[in-house]
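> Following this message is one structure expressed as structure tokens.
Every number in this text was worked out from the coordinates using simple rules, so none of it is lab data. Everything numeric in this text was worked out from a predicted model, so none of it was measured. As a convention, Cβ positions derive from the backbone with ideal geometry for all residues, glycine included, and neighbour counts pool all protein chains shown.
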Amino acid sequence: MPVKSTSKAAYRENRESGDSNRKREQVYAYVVNHPGCSRNDIARNVEGMTINCACGRVNELMAAGWLKEDGCKHDPVTNRSVNRLYVNLEAVA
């Protein structure tokens, strides 16, 4: 599926403004302070963070090796099983 021009523009704008770097740092800090949290937890508890943004930043941090998923937990709001996120200590060491 082709990427829409509005998505490309939004990506460029976020990259140029440094917004995605700041949000990535916020996500990483949240996981450091709340090991075993989920993407939903991040979206609910980090000010200004939507679930789409949380998922994107988590995926970037996982691709870079900074975060990892390990296990699942029940999300009481969605009533679904969600993946737990942790700092990848092997990458940090």
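> Could you order the peptides 50-58, 70-78 from most to least packed, using the average number of other C-beta atoms within 10 Å per residue?
Taking the mean over residues of other Cβ atoms within 10 Å, the ranking is 50-58, 70-78.
> Now, a different point. With θ set to phi - 60° and the Karplus curve 6.51 cos²θ - 1.76 cosθ + 1.60, what are the ³J(HN,Hα) couplings of the range 20-29 in order, to the nearest whole Hz, using x for Gly and Pro?
5, 5, 5, 5, 4, 5, 5, 5, 4, 4
> Classify the range 24-65 as rounded, prolate or oblate, taking a ≥ b ≥ c as the square roots of the eigenvalues of its Cα gyration tensor: rounded when a/c is under 1.5, otherwise prolate if a/b is larger than b/c and oblate if not.
oblate
> Now a separate question. Hey, if you put +1 on the Cβ of every Lys and Arg and -1 on every Asp and Glu Cβ in the range 20-79, which of Ser38, Cys72, Cys55 ends up farthest toward the positive end of that dipole?
Projecting each Cα onto the dipole axis, the largest value belongs to Cys55.
> Can you pull out the GluC sites (Glu not before Pro) in the range 41-70 whose DSSP state is coil and whose Cβ has at most 16 other Cβ atoms within 10 Å?
Here the GluC sites (Glu not before Pro) that fit, given the DSSP loop and packing criteria, are Glu47.
> Report the Stokes-Einstein translational diffusion coefficient (µm² s⁻¹, integer) for the range 17-90, Rh taken as the Kirkwood radius over Cα pairs, at 37 °C with viscosity 0.692 mPa s.
269
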